[in-house]
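Read through the structure below, which is laid out as structure tokens, and then see the notes.
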Amino acid sequence: MPARGGRWAGFWEQRARQLQRQVQAKEERIVELETENAILHLKLAEYQEMTGKSSHAATRFCLLCDEQEGLQRGTRSSLAQLCRVIQKVKQDRKELRSSSLDLLRDCQGQQQDCGSEIVTAVQGAQRHHEAVLAWQSKAGCLEQSLRETTERYQLEKQKRKQLHNRLVELKGNIRVHCRIRPALPFDKESEDPLSQNSSVSAEVAHAVDDETVLVRWDRPGHPWINKTYNFERVYGPAESQRVVFEEVCPLLTSLLDGYNVCIMAYGQTGSGKSYTMMGPHSRKEPVLPVESQGDLGIIPRAAEELFRLISENPSRSPKVAVSVVEVYNNDIFDLLAKDSCAVTSGVKREVLTTKAGKKEIPSLTYESVHSTEEFLTLVDGRLRLRAKHATLVHADSSRSHLIITVTLTTAPSWDSPANRQSDVSLLKEPDCPSPRQPATGRRHSAAHRTSSWSPGAAPEGPTGHMEQVHAKLQLVDLAGSECAGVSGVTGAALRETSFINRSLAALADVLGALSERRGHVPYRNSKLTHLLQDVLGGDAKLLVILCVSPCRKHAAETLQSLGFGTRARQVQRGPARAGRVAPRTPR
Ligand code: ADP
Ligand code: MG
């Protein structure tokens with residue numbers, strides 16, 4: 001039995017070892033498996049993580065898929081819409097194409113029509129162009145002939161004027177110009193309210209052309225007046241002082257050629273006589289150069305022209321002396337003999353007849369002048385002394401006739417006609433002291449370059465030789481005719497008006513007698529006509545400038561002035577300066 005027990009023990013021992021080995025192997029295996037298990041766990045964790053990520057991605061993917069699906073749905077619906085639109089566009093295109101084709105066909109038809117119309121129009125235009133060319137050449141010919149006719153007309157007009165002027169000269173006629181002044185603010189003020197509101201034109205006198213005045217005057221209850229008057233020159237309201245002087249200017253050349261010249265402004269008060277002769281009343285600078293004062297009148301411009309002509313020909317340079325006279329209340333006053341300190345205001349003079357039959361004012365004061373400035377200073381200073389009075393028609397109405405005489409004297413020439421007349425002896429003694437004021441000795445003062453001789457009486461020159469009168473320029477600014485009722489004057493002014501009207505009536509009577517060539521001419525009816533006798537009935541070149549207002553209110557006076565001018569034109573005074581014809585005619 002022990003042997004059998006030992007065998008069993010070995011067996012069990014072996015068996016235990018075997019089992020131990022198995023256990024060990026199992027344990028090793030367990031370790032291995034545990035390791036593997038851990039690795040697997042790690043992997044599992046990894047896979048779990050990956051799975052988490054994947055599921056997140058899958059979720060996102062699902063979301064994206066959903067979005068995609070939504071988009072696809074939207075796209076599909078848009079696509080369907082697009083398809084519908086495309087279908088519509090296709091339809092439209094088709095319709096458009098067919099309408100375009102229709103249009104094209106229409107256009108082609110119209111184009112063809114237009115084409116044929118254009119061809120017709122071009123042909124017509126060509127025909128017209130040819131006609132226009134033909135008309136143009138005809139118009140050119142007509143224009144040319146019109147130009148030639150106009151030139152011929154101007155030439156003929158000029159010739160007619162020259163011939164007329166020559167005729168005027170040969171017949172000894174008086175030249176008459178008419179100036180229509182513009183309507184001025186004071187015309188409106190003095191217009192009666194009835195005619196202010198009236199529909200009829202406020203102007204009745206019109207310059208139709210440069211030789212014709214038309215008066216259209218419609219008065220309720222009176223015959224309608226529609227009358228034209230012709231004069232050598234008519235100035236419309238817009239014509240300037242320069243234009244008026246241009247027409248007058250040639251008379252100054254005649255003056256230097258030895259002709260006596262008289263320029264006289266006639267018209268109702270306020271019609272522009274003083275404006276035409278001197279310029280506007282309120283001239284501040286009397287001695288400014290004439291060309292710098294656009295509205296200066298005939299007198300300053302004539303002085304300027306006279307001295308210009310004298311300076312052009314120094315060889316014949318005559319001496320110039322000036323006298324200024326006013327005829328006031330039918331008395332003649334020597335304004336140069338006035339005392340400017342106002343103590344004296346006039347020296348009365350008389351008109352006398354020389355043996356030679358000439359009218360002279362003895363002891364009349366003459367002052368020598370050597371330039372325009374001297375002349376203007378002298379005349380301006382003396383004009384301030386002229387009698388003036390405000391009337392309803394004119395605030396600055398001159399109450400006297402003004403006569404400025406410019407005498408040109410040359411060195412002696414003993415066989416000259418003027419010297420043959422120099423045995424002048426006066427039929428009456430001069431110098432009657434004025435009832436207005438006594439004479440002063442001032443006019444004899446050499447310091448004032450004053451002398452008191454009658455130019456026709458051949459005064460002594462600086463050389464002691466007798467000088468001869470070469471020619472005389474008389475510039476006359478008449479007082480205005482006026483109706484006392486209209487001008488509203490009373491008292492002394494009414495007396496002045498009566499003298500003015502009487503002297504102007506006497507002037508008209510003289511012209512009437514001269515125009516009818518009556519044996520007796522009533523020069524002596526007024527001092528004015530007596531003083532102007534040589535000018536009116538003699539050989540002077542006399543220009544009367546009729547000044548008229550265009551207004552209805554003054555129509556009666558305007559007609560009277562135009563009638564006066566017409567009568568003056570009819571005067572024939574015998575040949576101008578017998579035996580001598582002017583080398584240059586004034587117009
Ligand atoms: P008259 O001497 O005839 O009484 P004026 O010469 O004194 O009249 O003129 C009267 C007014 O009319 C003045 O104020 C003058 O300046 C103005 N006048 C006259 N003629 C013209 C004219 N052609 N253009 C502008 N004003 C004028
Ligand atoms: Mg006047």
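Laid out as a table, the results:
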{"quantity": "Any hit, the range 477-484, residues being away from ligand 1 (no atom under 16 Å from the Cβ), free of Cβ contacts under 8 Å to residues at least 40 places away in the same chain and more than 26 Å from Tyr366 (Cβ to Cβ)", "calculated": "no"}
{"quantity": "Residue check, Arg316 more than 15 Å from ligand 1 (Cβ to nearest atom), out of contact with any Phe, Trp or Tyr (no Cβ under 8 Å at 6 or more places or on another chain) and at pLDDT 90 or above", "calculated": "no"}
{"quantity": "Options Val489, Val476, Val535; residue that is part of a helix (DSSP H, G or I), open to solvent by less than 20 Å² (accessible area, probe 1.4 Å), touching a strand residue (DSSP E or B) at 6+ places or on another chain (Cβ under 8 Å) and at pLDDT 50 or above", "calculated": "Val535"}
{"quantity": "Cβ-Cβ under 6 Å pairs, at least 6 apart or on other chains, the range 16-33 side open to solvent by less than 90 Å² (accessible area, probe 1.4 Å), far side among the basic types (Lys, Arg)", "calculated": "none"}
{"quantity": "Residue list for the range 240-281, restricted to those being within 11 Å of ligand 1 (Cβ to nearest atom) and either surrounded by fewer than 19 Cβ atoms within 10 Å (Cβ to Cβ) or of a type in the set (A, V, I, L, M) (or both)", "calculated": "Ser240, Val243, Val244, Ala265, Met277, Met278, Pro280, His281"}
{"quantity": "Selection within the range 515-532 - open to solvent by 10 Å² or more (accessible area, probe 1.4 Å) and not in a loop (DSSP other than H, G, I, E, B)", "calculated": "Ser515, Tyr523, Arg524, Asn525, Lys527, His530, Leu531"}
{"quantity": "Tally of residues being in a loop (DSSP other than H, G, I, E, B) and either charged (D, E, K, R) or at pLDDT 90 or above (or both) across the range 460-473", "calculated": "1"}
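The values are calculated or read from the model by the stated rules, or taken from the named source; none is laboratory data. What you see is a predicted model, and the numbers here were worked out from it, not measured in a lab. FYI the Cβ positions are ideal-geometry reconstructions off the backbone, even for glycines, and counts take in every protein chain you see. Note: accessible area is taken over every heavy atom of the protein model, side chains too, but ligands, DNA and RNA are not part of it. Shrake-Rupley method; radii C 1.70, N 1.55, O 1.52, S 1.80 Å.
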